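Working notes, beginning with the structure itself.
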Amino acid sequence: MSLEAFGGKPRAAPAANLTRLEQWAPLCVVDNMKPVKWLAVPGLVALLAATVAVTQAQAVPAPTAADGWISTWSTAHHDPRGTYPAQTTVRQVVRTSIGGTAARLRLSNVFGDRPLTLTDFHLAERSSGASIMAPTDRMVTFGGRTSVTIPAGGEATSDLVSFAVRAESDVAISFFMPEPTQNVSSHDFAFQDNYLADGNVTGAADLTVRETLGRYIIVSDLDVLNAAATGSLVAFGASITEGHNSSGNANQRYTNLLASRLNASGRTVGVANEGVAGNHLLGVGIGPSALDRFDRDVLSRSGVRWVIFADNPINDLASGREPTGEQLIGGLRQLIGRAHAAGVRFFCATLTPFEGNEHWRPAREVARGQYNDFVRSAGSGCDAVVDFDRATHDPAEPTRFLPAYDAGDHLHPNDAGMAAMANAVPIDLLGPAVPPAAPTTLAEAFNNVAITDDTNTGPGDFDGGGASFSAQALAAAGAAPGRSVTTGGVTLPWPATAGAGRPDNAIATDQSIMVPGSGNILAFLYSASYGSASGSGTIHYTDGTTQTYQVFSPDWFQSVTTETTVAVVSAYQNRQGNVRYDAPGTVFSAHITLAPGKSVAAVRLPVAGGTPVQAGLPTLHIFAAVVANR
């Protein structure tokens, strides 16, 4: 449906790289990445007719989990934005919902008006800011090529990337723009800092940032392969779904919190956020209407099995067009029918309250109530009801947000309100819970042999090349197997099984372990093979809270570094002839400060290697872990 149909005129494209506030000043006020007010689009003042004519695309078959690919992150593109000079590196940070053993990218030029050529894509785990953990960096190709040209209005999908993705982690997606580029397919509000840098530095661990970007451009999806995944859930909506007024750079959207609930329950379900601020169900707002974008933004997401439709009708009500409840229900019925035709289950969300916002009117409240009554009724056709209204309204004044959940504009929830929404989703409808594996001791997780006696005719294979530490050399260096090592003021045990050809270290592959002791420091003894290795893990406290930590280990042949603490330097032996070599092998240590006053329940190790050791894959080996005071 055209803008002219409602008495308005198409907007010109916004000026180059203005902030979202500068581009659309009538729409929102932004304070530290937190939009606080949604206003009607200027010019959209014509009254809705008794029936609303919409452009309805034919439903397309939904991608299924059977093809292996599941969306772990996505964003809905809706308009062309920005001007970018030649020789620009773009690095964008996305928050995953589930993990996987491999990944692929999906790119969008749907709103571009010319072919778009990009090169040198990289995936890596983000460390902080614009920096990545270099050992995790992987090149991305398209049909075996490092460059891709996307036609105007088109999309592109990368080849499979051998890149281990962790659930609820930050992945940096970098690419290079060799030519001046403008009006690229974009999503306005990222609520996450993204970065531009000069020159082709897509593989650099650290960037000299030229500009911080508050939107997502070109990249629309990160998909993963995960044999345990049962499908993806698409959150389809407007600014509330998108995460407006949640804390920036903190992943407090209700979809992030829902992903945490699902993971904690043992369900492996990807969560894709397809919210667009200012988007309408029936007519033109920001981007195509929900009816017009449903096939692309929902049915075409990888592995989609469920969709939650939420807050778009609030924007229809606030637009000044004054749709009736029946007209909103008519649009909802169309979406339900198209989802069912594609084999996707449709979860209807009730509309949250907005009295107190400047766009609230008694007649609009009547329409909201009619819509919510229909959603809750037995004959709605909804496969489930997600009652965001009851989860967030004030019981004493049901047409208003509970003050504790109100971000201040009486329209959007704050972080606590986002959590209430996430908790309102009936996750039992997404499959049975899978109790997480109970944490084991580190010794029970040992899966690699690194230390053997010089007289052993079948020494260990620490590095996949037949080399291992010498037990005798370790003893001479003050680290006899079965004894202990003090490093950084913390005493850690050497594995008691070392020296007998039995497993004595754990290749870090996301295991959950119990760590003995109490105190303010989590300490590790570790080393790496096939190059330096790094990764992020999670500390689980007994009160249910978590803490993310990062570890980095140089290769075991590298004995001096300013980034690590050297614990042991010892000679090593090789299977060929069982020879002791004088070249040193090194074990390092790390010390992570724990949250004060809390007790550690379990520690999840990073994903930093494969079992057995794979040639060329940097691998992190954990020898010991303790909690202690320092």
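The values are calculated or read from the model by the stated rules, or taken from the named source; none is laboratory data. Because the structure is a prediction, the values reported are computed rather than measured. Cβ coordinates were reconstructed from backbone atoms using ideal geometry, including for glycine residues, and neighbour counts include every protein chain displayed. For accessibility, only protein heavy atoms count, side chains too; no ligands or nucleic acids. Shrake-Rupley method; radii C 1.70, N 1.55, O 1.52, S 1.80 Å.
Would you please give the residues with an amide H less than 5 Å from that of Gly278, counting only those at least 5 places away or on a separate chain, with H modeled from the backbone geometry?
Amide H neighbours of Gly278: Ser239.
To the nearest 0.05, what FRET efficiency results for Gln370 and Arg390 with a Förster distance of 22 Å applied to their C-beta separation?
Between Gln370 and Arg390 the formula returns 0.85.
Taking region 336-413, which trypsin sites (Lys or Arg not before Pro) meet the DSSP loop condition and have no more than 11 other C-beta atoms within 10 Å?
On the way: sites: Arg338, Arg345, Arg364, Arg368, Arg376, Arg390, Arg400; in loops: none.
Answer by residue number: there is no such site.
Placing unit charges on C-beta atoms (Lys and Arg positive, Asp and Glu negative, everything else neutral), compute the dipole magnitude of the chain about its Cα centre in debye, rounded to 20.
320 debye
Rounded to whole Hz and in sequence order, give me ³J(HN,Hα) for region 536-546 from the Karplus expression 6.51 cos²θ - 1.76 cosθ + 1.60, θ = phi - 60°, writing x for Gly and Pro.
10, x, 10, 9, 9, 8, 5, 8, x, 7, 9
State which helices in the chain qualify, where a helix is a whole DSSP H run, it must extend 18 Å or more along its own axis by its Cα atoms, and its mean Kyte-Doolittle hydropathy must be at least 1.6. Each step should come with its number before you reach the end.
Values: long enough: 325-341 (24 Å, -0.02); 362-376 (21 Å, -1.07).
Correct list, ordered by number: empty.
Quick check for you: which residues of region 595-630 have the amide N under 20 Å from the point 7 Å beyond the Cα of Ser162 toward its beta carbon?
Within reach of a label on Ser162, which here means backbone N under 20 Å from a point 7 Å along Cα→Cβ, region 595-630 contributes 607-621.
Leaving ligands, DNA and RNA out of it, report the carbon-plus-sulfur percent of the accessible area of the chain at a 1.4 Å probe.
Looking at the chain in its full context, I get 53 percent from C and S.
Please give the per residue accessible area of the chain, computed with a probe of 1.4 Å over protein heavy atoms only, in Å².
Working: 22730 Å² over 630 residues.
Roughly 36 Å² per residue, with all protein chains present.
Mind checking which of Pro413, His340, Val110 is farthest towards the positive end of the chain's charge dipole, using Cβ charges of +1 (Lys, Arg) and -1 (Asp, Glu) about the Cα centre?
With unit charges placed on the Cβ atoms, the residue in question is His340.
Quick one: dipole size for region 103-222, taken about the Cα centre, charges +1 on Lys/Arg Cβ and -1 on Asp/Glu Cβ, in debye to the nearest 20.
With Lys and Arg at +1 and Asp and Glu at -1, about 220 debye.
Under a 5 Å amide H to amide H cut-off, with H placed in plane at 1.01 Å, what residues pair with Leu594 once short-range neighbours are removed?
Ile521, Leu522
Which one, Gly489, Ile217, Ala608, is farthest towards the positive end of the dipole of the chain when Lys and Arg carry +1 and Asp and Glu -1 on their Cβ?
Farthest towards the positive end: Ala608.
Can you pull the one-decimal nm distance between simple spin-label points at Asp454 and Arg114, each 7 Å off the Cα toward Cβ?
Roughly 7.1 nm, to one decimal.
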